[in-house]
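**Q** The following block contains the structure, expressed as structure tokens.
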Amino acid sequence: MNTPTDLKYAASHEWLSPDGTVGISDFAQDQLGDVVYVELPEVGREVKAGETIAVVESVKTASDIYAPASGTITAVNDALGNAPELVNSGPYEDGWLFKLDVSEEGDDLMDAAAYEAANG
Amino acid sequence: MDNADQTPLKRTPLHAAHLRAGARMVPFGGWDMPVQYAGLRAEHTAVRGGAGMFDVSHMGEFRVTGPDAEKFLQFVTTNDVSKLKPGRAQYNWLPGESGGLIDDIYIYRVAAEEFLMVVNASNIQKDWAHLQAQLGQHDARLSDESEQWGLIAVQGPLSEEKLQPHTAADLSAAKKNSYFAARLFGMDVWLARTGYTGEDGFEVFVAAGEAERMWDKLLGIGLVPAGLGARDTLRLEAGFPLYGHEFSDSIHPLSSSYTWVVKEKTHLGRAHISAAPEVRLIGLALDKVPVREGYPVFAGGQLVGTVTSGSSSPTLGHPIAMALVNAGSADADEFEVEVRGKRHPARRMGLPFYKRG
């Protein structure tokens with residue numbers, strides 16, 4: 001399991017970078033399998049930590065994505081529209097989902113070690 | 001299917017082999033089954049283009065014997081069992097007394113007075129109770145052999161080529177829906193030219209105690225282990241209804257195009273089968289957003305039905321679905337499917353979505 005140490009992780013498998021970028025973890029993309037569709041929020045939307053804000057669909061199933069922090073959506077990864085498989089191939093790079101202007105982080109975010117321990 | 005009641009999940013004779021192969025296991029109809037090994041898409045592609053194998057040992061096997069065995073089966077099924085010769089297998093239905101289907105099944109004729117019935121795993125107990133209750137005055141005997149059999153479905157265009165070196169039987173002579181006793185890797189088996197993927201293949205009936213050794217031999221000749229995930233996308237592309245989705249105790253089975261399964265004869269539940277279905281099973285194709293079971297289907301702005309199975313099609317590269325819609329709307333070309341509150345265009349597509357060349 002690839003779990004970069006500069007990110008924070010939610011129990012629901014989203015990661016949050018210091019600049020407010022959000023994606024799903026390597027563990028999560030592996031569990032989901034081949035991603036075939038990603039539904040992203042509108043830029044400018046205000047979200048609360050824990051709110052359902054996106055959907056990642058694999059061949060088999062649809063999985064809700066929860067906001068790991070409160071704030072405003074400032075960008076979404078439009079490349080996923082034509083290449084949802086980027087979530088599998090680069091969950092921490094080209095497969096990011098959206099960016100948040102964070103007002104407050106969720107209160108249950110974990111560091112990499114705690115996240116790995118929780119999904120060991 | 002979840003395991004909400006927390007009864008221990010049943011295991012097939014191949015359970016340990018699945019764990020060794022790194023399968024992700026999920027509860028399915030009361031069984032702990034592999035949903036995928038290396039990955040659903042790779043497994044799906046292996047079956048379409050090469051040869052894969054599935055553990056279907058969870059399915060149930062009932063033997064029906066006795067002077068009235070045929071008469072009994074004629075009464076509890078819709079297809080014509082009298083036409084079935086020894087060495088041949090037949091797709092068939094168990095209709096309910098008050099409509100719908102108890103199950104969809106396969107019947108193998110062993111001899112004039114002997115049959116083997118293969119039933120869906122999640123319906124084993126229900127089917128058994130139903131058949132016992134209907135046995136009545138028939139001079140026939142039922143025995144549940146579900147625990148005694150391992151069943152491995154070898155599927156894909158290279159199935160025959162892969163298996164042939166390991167049996168003396170001439171596989172090229174085996175017709176679709178035929179079966180025969182043979183030795184494969186030195187083990188006694190039945191080989192049936194049947195399957196549920198839309199590809200050529202053989203279902204290997206093997207004693208439960210030898211199933212794991214057979215599985216390892218099949219792995220050794222390069223058959224790709226495939227899980228329930230690929231099994232579902234393969235059968236969906238092939239337009240095969242799945243019990244619990246397109247068939248149930250309450251869905252009129254003639255909503256599907258499988259009208260040939262009902263023959264002119266007297267059988268249980270005949271009056272319900274004879275009534276015209278109010279809904280029809282159709283195929284839908286979408287551009288991008290996958291649709292799932294239970295999503296509402298609209299035509300001309302009106303709610304007309306529900307998705308029964310849906311997924312992204314690995315072969316076609318876009319989402320496909322089967323849906324039950326009001327018969328009056330079933331010939332429309334344009335539909336909409338509601339996904340998380342938003343309606344997406346879907347066009348009707350003839351079933352099957354995929355037919356092998």
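Coordinate-derived values only; no laboratory data. All figures in this text were calculated on a predicted structure; none of them were measured in a lab. With ideal geometry, Cβ positions are generated from the backbone for all residues, glycine too; neighbour counts draw on all protein chains shown.
**Q** Quick one: order A:Glu104, A:Glu39, B:Glu114 by neighbouring beta-carbon count within 10 Å, fewest to most.
**A** Ordered by Cβ neighbours within 10 Å, fewest first: A:Glu104, B:Glu114, A:Glu39.
**Q** 5 Å is the cut-off here: which amide hydrogens, built 1.01 Å from N in the peptide plane, fall below it relative to B:Leu101, excluding neighbours closer than 5 in sequence?
**A** Hits under the 5 Å cutoff: B:Gly96, B:Ser248, B:Asp249, B:Ser250, B:Ile251.
**Q** Please list, ordered by chain and number, the residues whose modelled amide H lies under 5 Å from the amide H of A:Glu51; skip anything fewer than 5 residues away on the same chain.
**A** Excluding prolines and chain starts, which carry no amide H, the hits are A:Ala67.
**Q** In which sequence would B:Phe62, A:Phe98, B:Phe202 go, from the one with the fewest C-beta neighbours within 10 Å to the one with the most?
**A** On the way: B:Phe62 20, A:Phe98 25, B:Phe202 28.
If I rank by nearby Cβ atoms, fewest first, I get B:Phe62, A:Phe98, B:Phe202.
**Q** Go through A:Gly20, A:Gly106, A:Pro41 and say which Cα lies farthest out towards the positive end of the charge dipole of chain A; charges sit on Cβ, +1 for Lys and Arg, -1 for Asp and Glu.
**A** Toward the positive end, the furthest listed residue is A:Pro41.
**Q** Related question: Need one number: nm distance between label points at B:Leu19 and B:Ala275, each 7 Å from Cα along Cα→Cβ, rounded to one decimal.
**A** Each label point is offset 7 Å from its Cα along the Cβ direction, giving 4.9 nm.
**Q** Another question, then. Quick one: order B:Trp128, B:Trp190 by neighbouring beta-carbon count within 10 Å, fewest to most.
**A** Ascending Cβ contact count within 10 Å gives the list B:Trp128, B:Trp190.
**Q** Here's something else I'd like to know. What is the ratio of the Cα radius of gyration of the stretch B:132-189 to 2.2 N^0.38 Å, where N is its residue count, to two decimals?
**A** Taking N as the residue count of the stretch B:132-189, the ratio is 1.60.
**Q** Taking a ≥ b ≥ c as the square roots of the Cα gyration tensor eigenvalues, with a/c under 1.5 meaning rounded and otherwise prolate when a/b beats b/c, else oblate, which class fits the stretch B:212-335?
**A** oblate
**Q** When Cβ neighbours within 10 Å are restricted to other protein chains, what is their mean count per residue of peptide A:49-62?
**A** Partner-chain Cβ atoms within 10 Å, mean over residues of A:49-62: 4.
**Q** Counting pairs of alpha carbon atoms under 8 Å apart in space and at least six apart in sequence, what relative contact order in percent does chain A give?
**A** Working: 275 pairs, mean separation 38.4, N = 120.
Taking the mean separation of contacting Cα pairs over the length of chain A, I get 32 percent.
**Q** Roughly what % of Cα-Cα distances in the stretch B:37-145 sit above 22 Å, to the whole percent?
**A** I get 37 percent for the Cα pairs in the stretch B:37-145 exceeding 22 Å.
**Q** Another one. Give the lysines reachable from B:Lys217 as a straight Cα distance under 26 Å; neighbours fewer than 8 places away on the same chain don't count.
**A** Filter leaves B:Lys10, B:Lys162, B:Lys175, B:Lys176.
**Q** Could I ask something else about it? Could you work out the relative contact order of chain B, using alpha carbon pairs under 8 angstrom and six or more residues apart, expressed as a whole percent?
**A** This gives 18 percent for chain B.
**Q** Between B:Ser178 and A:Asp94, take the C-beta separation as r, use R0 = 41 Å, and let me know the FRET efficiency to the nearest 0.05.
**A** The calculated FRET efficiency here is 0.20.
**Q** Please get the size of the charge dipole for the protein assembly as shown, origin at its Cα centre, with Cβ charges of +1 on Lys and Arg and -1 on Asp and Glu, quoted in debye to the nearest 20.
**A** Working: 41 positive and 65 negative charges, 426 e Å.
Dipole of the protein assembly as shown, to the nearest 20 debye: 2040 debye.
**Q** How would the stretch A:8-102 be classified by its alpha-carbon gyration tensor: rounded, prolate or oblate, with rounded meaning a/c under 1.5 and the a/b versus b/c comparison settling the rest?
**A** Note, shape of the stretch A:8-102 comes out prolate.
**Q** Give me the one-decimal Kirkwood hydrodynamic radius in Å for chain B, with the sum taken over alpha-carbon pairs. Working shown, then result.
**A** Working: mean 1/r = 0.0473 Å⁻¹.
Evaluated on chain B, it is 21.1 Å.
**Q** A further question follows. For chain A, what is the charge dipole size about the Cα centre, in debye to the nearest 20, if Lys and Arg each add +1 at the Cβ and Asp and Glu each add -1 at the Cβ?
**A** So the magnitude is around 140 debye.
**Q** Roughly what % of DSSP beta bridges within chain B run antiparallel, to the nearest 5?
**A** DSSP beta bridges in chain B are roughly 95 percent antiparallel.
**Q** Now a separate question. By the gyration tensor of its Cα atoms, with a ≥ b ≥ c the square roots of the eigenvalues, what is the shape of the stretch A:7-52: rounded for a/c under 1.5, prolate for a/b over b/c, or oblate? Walk me through the numbers on the way to the answer.
**A** On the way: a/c = 1.95, a/b = 1.28, b/c = 1.52.
Judged from the Cα gyration tensor, the stretch A:7-52 comes out oblate (a/c at least 1.5, b/c at or above a/b).
**Q** Could you work out the per residue convex hull volume over the alpha carbons of the protein assembly as shown, in cubic angstrom? Walk me through the numbers on the way to the answer.
**A** Values: hull volume 73.9 nm³, N = 477.
About 155 Å³ per residue, rounded to a whole number.
**Q** Averaged across orientations, what area in nm² does the convex hull of the alpha carbons in the stretch A:61-120 project?
**A** If you wrap the Cα atoms of the stretch A:61-120 in a convex hull and average its projections, you get 5.3 nm².
**Q** Let me check against my output: what whole-number percent is the relative contact order of the stretch B:143-299, with C-alpha pairs under 8 Å and at least 6 apart?
**A** With pairs under 8 Å counted, the relative contact order is 18 percent.
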